[in-house]
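For reference, the structure is listed below as structure tokens.
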Amino acid sequence: MATATATPPAPKTNRIGLQVLDYRGGKTTLCAGCGHNAISERIIDALYEMGIQPERLMKLSGIGCSSKSPAYFLSRAHSFNSVHGRMPSVATGAVLANHTMQALGVSGDGDTASIGMGQFVHLMRRNLPMIYIVEDNGVYGLTKGQFSATADIGSKLKTGVINDLPPVDLCQLAIELGATFVGRSFSGDKKQLLTMLKAALAHKGTVLLDVISPCVTFNDHEGSTKSYKFMQEHDEVIGEVGFVPSFEDISVDYDEGSTYDVELHDGSHLRLRKLNDSYNPTDRESALNSLMEAHKKGEVLTGVFYVNTKQPTFVELLNLVDEPLGQLPESRIRPSKAAFDDLMTKLM
Ligand SMILES: Cc1ncc(C[n+]2csc(CCOP(=O)(O)OP(=O)(O)O)c2C)c(N)n1
Ligand code: SF4
Ligand SMILES: [Mg+2]
């Protein structure tokens, strides 16, 4: 008698019919246990769960172990690995050439806060629509673990060298300069990081996510303030982050008295639990004060610190046409001979 063969279950797909496999990249060459690998995993999950078409994503990075990581997620997306510290100018050009795509930048604390600082600050003040992730381990991992500009004062290298310079807080800087969605997370906090990434995908404007991402090879020892152990002991969550995407039922129950509800551009909702009455994530001063207070106490504050959904993006400020500039036909970008002649007459 013939035995019935069971039909294998259909693979799980997202809202655009793709499997999580469609969001994967090449095999990582980073050290086992490197925080950057966990961040790549969360990026894959967030893009899958939000149903972003892989070919609609542009991945941008600089130089460093962190900047290599876009090779390890979304092979089907477009990718540009720039010169060290120059990702912001490449991203600005790419977004202006095609603002209909989702831009995702991945950089390191060295790539951003040292060689790339000049470029970083100008990106933040323009509110260019993109997500900018700093995989922050306090060292230049790729060049064997020298201190970066985000290393805390008093932290110690494996060689015993103590850092005696104050750190640059990239979140504080981004808020001061004009970024409109600013937060910090930890590569070891799966739930918080995934939620923040999904909310970031629904925001229109510059998102800066500083993700503490321990370097297991050069900065995970006693005396480091960017180690797994230090983060487990000093991570102070500013308020639980919740996110309801526009394609789900937004009436999900929440207590208005204890939660800030911020409607994002695509109709999604970011929900932040209130921890105290003086903190308001839509108020820059509140956000900056909280970060400064946390520094004084030696805590690493994580969560979404600041959101502003009212500020026009750089694309809106420039009044760009709806279509990608890079795809406009010559007839729309080249002034006619009559227009040139007219201009020349006026200049004479
Ligand atoms: C112009 C230039 N200067 C210096 C270097 C050497 N270099 C390569 S990566 C790097 C720092 C990387 O640190 P970070 O951005 O924190 O990335 P990580 O490796 O820690 O993830 C440096 C200084 C370089 N490649 N190019
Ligand atoms: S050296 Fe550090 S930052 Fe680079 S891959 Fe290894 S653990 Fe990650
Ligand atoms: Mg680094």
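For the reader, a short list of remarks on this structure follows.
- Over the chain, DSSP H runs of length four or greater, each weighted -39,500 (n - 2.57), average out per residue to a 222 nm ellipticity of -8500 deg cm²/dmol.
- Per residue, the Cα convex hull of region 192-348 amounts to 237 Å³.
- Estimated D of the chain in µm² per second, where Rh is the Kirkwood radius over Cα pairs and Stokes-Einstein applies at 10 °C, 1.306 mPa s: 74
- Whole-percent carbon and sulfur share, accessible surface of the chain, 1.4 Å: 55
- Less than 5 angstrom separates the built amide H of Met101 from none of the residues sequence-distant by 5 or more or on a different chain.
- Sites Glu330 and Asp261 - FRET efficiency at Förster radius 45 Å, r taken between beta-carbons, to 0.05: 0.45
- Full extension of the segment from Ala339 to Ser251, taken as 0.36 nm per residue of separation minus the current Cα-Cα distance, would add 26.2 nm.
- Prolate is the label for region 1-41. Its Cα gyration tensor axes, ordered a ≥ b ≥ c, give a/c of at least 1.5 and a/b above b/c.
- Calculated from backbone phi, Karplus (6.51, -1.76, 1.60) coupling profile of region 141-149 in Hz, x at Gly/Pro: x, 4, 9, 5, x, 6, 4, 9, 6
- Residues whose placed amide H lies under 5 Å from that of Ile212, excluding near-sequence neighbours: Asp136, Ser185, Phe186, Ser187
- Gained length - Leu317 relative to Thr13, 0.36 nm times residue gap less alpha-carbon distance: 105.7 nm
- J(HN,Hα) series, region 185-197, from Karplus relation 6.51 cos²θ - 1.76 cosθ + 1.60, nearest Hz, glycine and proline x: 9, 10, 4, x, 9, 3, 5, 5, 5, 4, 5, 5, 5
- Loop chymotrypsin sites (Phe, Trp or Tyr not before Pro), region 243-348 (other Cβ atoms within 10 Å of the site Cβ: 16 or fewer; DSSP): Phe247, Tyr254
- Less than 5 angstrom separates the built amide H of Glu236 from those of Val300, Leu301, Thr302, all sequence-distant by 5 or more or on a different chain.
- Test item: Cα-centred dipole of the chain, Lys/Arg +1 and Asp/Glu -1 on Cβ, debye: 1160
- Pairs of alpha carbons in region 147-258 separated by more than 23 Å make up 41% of all such pairs.
- For region 203-348, relative contact order (Cα pairs under 8 Å, six or more residues apart, normalised by length) works out to 22 percent.
- Considering only Leu288, Ser278, Gln327, and ranking their Cα positions along the charge dipole of region 271-329 that arises from unit charges at the beta-carbon of Lys, Arg, Asp and Glu, the one farthest toward the positive end is Ser278.
- Paramagnetic reach from Thr159 (point 7 Å along Cα→Cβ, amide N under 15 Å) across region 198-234: 218-219
- Per residue, the convex hull spanned by the Cα atoms of region 34-169 amounts to 103 cubic angstrom.
- Comparing region 268-348 with the 2.2 N^0.38 Å rule of thumb, its C-alpha radius of gyration ratio is 2.05 (two decimals).
- The 3J(HN,Hα) values that the Karplus relation (6.51, -1.76, 1.60; θ = phi - 60°) gives for region 23-34 are, in residue order, 10, 7, x, x, 6, 5, 10, 6, 4, 4, x, 4 Hz. Gly and Pro appear as x.
The values are calculated or read from the model by the stated rules, or taken from the named source; none is laboratory data. As the structure is a computational prediction, the values presented were derived from the model and not from experiment. Neighbour counts are summed over all protein chains in view; Cβ atoms, including those assigned to glycine, are modelled from backbone coordinates with ideal geometry. The area values use the complete protein model at the heavy-atom level, side chains included, leaving out ligands, DNA and RNA. Shrake-Rupley method; radii C 1.70, N 1.55, O 1.52, S 1.80 Å.
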